[in-house]
1. With labels modelled as points extended 7 Å from the Cα through the Cβ direction, what inter-label distance (nm, one decimal) is found for Leu133 paired with Ala155?
2. Dipole of the chain, Cα-centred, from +1 at each Lys and Arg C-beta and -1 at each Asp and Glu C-beta, to the nearest 20 debye?
3. Among Ser53, Ala32, Ala68, pick out the residue whose Cα is farthest towards the positive end of the charge dipole of the stretch 16-68, where Lys and Arg carry +1 and Asp and Glu carry -1 on C-beta, about the Cα centre.
4. In percent, what relative contact order does the stretch 75-161 have, based on Cα pairs under 8 Å that are 6 or more apart in sequence?
5. Calculate how steeply helix 290-303 sits against the longest principal axis of the alpha-carbon atoms of the chain, using the helix alpha-carbon long axis, and give the answer as 0 to 90 degrees to the nearest 10.
6. If one takes the longest principal axis of the Cα atoms in the chain, at what angle in degrees, from 0 to 90 and to the nearest 10, does the Cα axis of helix 34-49 lie?
7. Compute the distance in nm between two label points, each set 7 Å from the Cα along the Cα-to-Cβ direction, one at Trp243 and one at Asp17.
8. Multiply the residue separation of Lys407 and Ser187 by 0.36 nm, subtract the distance between their alpha-carbon atoms, and state the gained length in nm to one decimal.
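Readers should treat all values here as calculations from the given coordinates under stated rules, not as data from a laboratory. Since the structure is predicted, the reported quantities are computational estimates derived from the model, not experimental observations. So basically every Cβ, Gly included, is an ideal-geometry build from the backbone, and we count neighbours across all protein chains shown.
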Amino acid sequence: MLRSIKISRFKSIRDMDLDFGRVNLFIGGNGAGKSNLLEAIGVVSAALYRGVSDSELARKGVRLTPPALMKSAFKNFDLPKTFRIEASLDPGINYAIELSASERDTHLSFFSEKCEFRGTKTFGRSGRGVTVLGSKVAQKSWVSSRSLWDQSRVAFPYPEEVQTAFDELARYAIYSPQTEFLREIKSGKADEPPVGLHGEGLAAAVASLMEQARQMRPSKKASANAERSILTDAISLVWLPGWTRSVRVGSLDSILKSRELASTDGNVIYFIDRFMNEKRNKLSAYDSSEGTLFLLFMTVLMAHRDSPKIFALDNVDSALNPAMTRKVIELITSISRKKTENNLALGPAQVFLTSHNPTSLDAFDLFDDDQRVFILFRNDDGHTTAKRLKPKSGWSREDWTANFSGKKLSQLWIDGEISGALGSM
C-alpha cells in the first residue's frame, strides 16, 4: 500500500506531501491538478515496472506530455532541471526518484534513484555511482530511461517484502473508460489484463470473469467464501439500474447486432432486458445504457483476479447519476475493507478517485482513517495545493453534525462551504 507521496516540481505541483488511506477521493475545480497527482503516482509505477519511456508511461495512463513540460515552470522561479517524487510504502519502504530532461530531450531519464527499507539503504544511484545492498556496483551500461530496480532485481537478493510491495505498485494504472470502447464501437487491446484503461477488451474480460465465477464454488474455507462474497458484491453493480436480468458474452443474431460494432471474433457483450419481449430482449453494448456499461467495467476492476491491487479511476462519476456514484464508491470501500480484513488475494487494496459530483462525498465516512477526501486547488502562485477534508481534532460525529446544521457533505460542497472545492479559495 502507498502510504504517502512527496512531489516536487512536477507539472502544476511545486511541492506537495500527502498521506493516503485505502480509498482516496480528490475533488476540486477544473484544472486544479487532480489528474497531475494521479499521474505522479503513475510515473513512480512506470519506473518500478519497466521504466519511464513514453510507451511505459502511456501504459499507466499518464498523458504523453513533452518532457520539458513535465517539470514545473512557474513565474518567479528558475526553470528546474529535474522533478522529484518520493513514495513511502508498507512495510517501511521509502523509494525516491529524480528525473531529468533538457529542453531538447524527447524522453525522460533518471538523474537519481534511492530505496531504503526500514531505514537501511537497499539500492541507489546518482552521479557518484551505483550501490546495491550496501556494496558499490561496477559501472555498466545502465539504461537511462529504466530504473535501477528494474535492471538489477533479477541479479540481486532483494528483501521479499520490497519485491512484493514494488510489484503491487508497479501494476498501478489510471483508468478512464471511454464510450466508444465500452459500446464496442472501437476495438483495442488491453496492455495489461484484465481490461484496457479506456475499456478495451471489455468483452474478453467479462467472459474471463464469468469463468472465474464458475470456478468459485462454496467452500469450507473462510477465505474462499469471502472472495465469493467480493465477487457477488461486485456483480451486484450491474443490476443496480434495474432493467437487466443477465449479462452475457457471445454471438448475437444479426438483426439484433448493430453494424457499428467492431467485434472481430463475433463475440460481443449483450444484456437481457427483463422488460422486453423475448424475441427482442437481447441488447448489445452498442444499444445498452452507458451507465450500465460503466458499472460492468467497474465489476471487472473490483473482482477479476488479474486486476491491479492499486489503481486510480479518473472521474468515478462518469456516466453515472448521483445515486449510482455514491453506491459505486460505497461498494469500492466495502470490498477494499473486506479484502484487507481477510487478507484476500481478490479485490483492490487501495484506490484513488477523482470526481466532480458532490454526492461522491456522501459515500465517505470522514471519521474512518481508511477513507480520505482531499481538496485540490491552485494557490495565488498557481501551484496545485491539497488539503485533507477531515473533522477537527477531538470532534465527535455529533459535533460535526451540530457545526454544519446536519447538512450532508454534498450540500456543503454545493453551498460553497468546503473551501477550495469549487475551484477557488
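1. 1.3 nm
2. Dipole size: approximately 560 debye.
3. Value: Ser53.
4. For the stretch 75-161, the relative contact order is 18 percent.
5. 60 degrees
6. For helix 34-49, the angle is close to 70 degrees.
7. 5.1 nm
8. That pair, Lys407 and Ser187, stretches by 74.7 nm at full extension.
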